[in-house]
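The values are calculated or read from the model by the stated rules, or taken from the named source; none is laboratory data. Computed from a predicted model, the values in this text were never measured in an experiment. Backbone-built Cβ (ideal geometry, glycine too); neighbour counts: all protein chains shown. Accessible surface is based on the protein model in full, side chains and every heavy atom, while ligands, DNA and RNA are left aside. Shrake-Rupley method; radii C 1.70, N 1.55, O 1.52, S 1.80 Å.
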Amino acid sequence: MKNLEVHQIWMDQAITLAKEVGALGEIPVGAVIVNSMGEAIATGVNRKERDQDPTAHAEIVAIREAARVLQDWHLNGCTLYVTLEPCPMCAGAILQARINTLVYGADDPKAGAIRTVANLPDSPVSFHKLEAIAGIRERECQELLQVWFQNLRK
């Protein structure tokens, strides 16, 4: 399979997670971490409301699980798939975890810290080289968030 096809498959899984958590009242963001062998080792969803924890973003939840699975906070060789461009907190955690590749769906025009509002991976504060790939299943990720927020406002 080509990289694009692989990225789409894993993003589809992140979208499924986002839909599930959105139905529970959380902002619909899902994440999957895949190791260098192409195996999913962790997933995460937004759990801020459920856990009453402002740090319980999908990326952070997935990073914590992956570190437990690998018994190492270095997630070298891993790829993180997430439906929404990471915020500054999550971008920092991704860099700290030494994740090799970030693949995300929709840009975040309010808090995106990969390329939309800020670019932490390419800034002087970054000590780690992160490959970032944006726009995988972008339309589906955007629509998921837009519909969820429209329903919230009703």
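Residues in segment 22-54 that are surrounded by 22 or more Cβ atoms within 10 Å (Cβ to Cβ), closer than 24 Å to Val147 by Cα and out of contact with any Phe, Trp or Tyr (no Cβ under 8 Å at 6 or more places or on another chain): Val29, Gly30, Gly44, Val45, Asn46. Of all residues in segment 72-88, those satisfying the criterion of being more than 23 Å from Gln146 (Cβ to Cβ) and either in a helix (DSSP H, G or I) or open to solvent by 10 Å² or more (accessible area, probe 1.4 Å) (or both) are Asp72, Trp73, His74, Asn76, Gly77, Thr79.
Applying the condition of being out of contact with any strand residue (DSSP E or B) (no Cβ under 8 Å at 6 or more places or on another chain) and aliphatic (A, V, I, L, M) to segment 122-151 and asking which residue is surrounded by the most Cβ atoms within 10 Å (Cβ to Cβ) yields Val147.
Contact annotation: residue pairs with Cβ atoms under 6 Å, 6 or more positions apart or on different chains, pairing a residue in segment 101-120 that is at pLDDT 95 or above and of a type in the set (Asp, Glu) with a partner that is assigned to a loop (DSSP other than H, G, I, E, B) and open to solvent by 50 Å² or more (accessible area, probe 1.4 Å), are Asp107/Thr116; Asp108/Thr116.
The set of residues from segment 50-71 being without any contact (Cβ under 8 Å) to a residue 40 or more places away in the chain, among the small types (Gly, Ala, Ser) and either out of contact with any Ser or Thr (no Cβ under 7 Å at 6 or more places or on another chain) or more than 19 Å from Leu24 (Cβ to Cβ) (or both) comprises Ala56, Ala66, Ala67.
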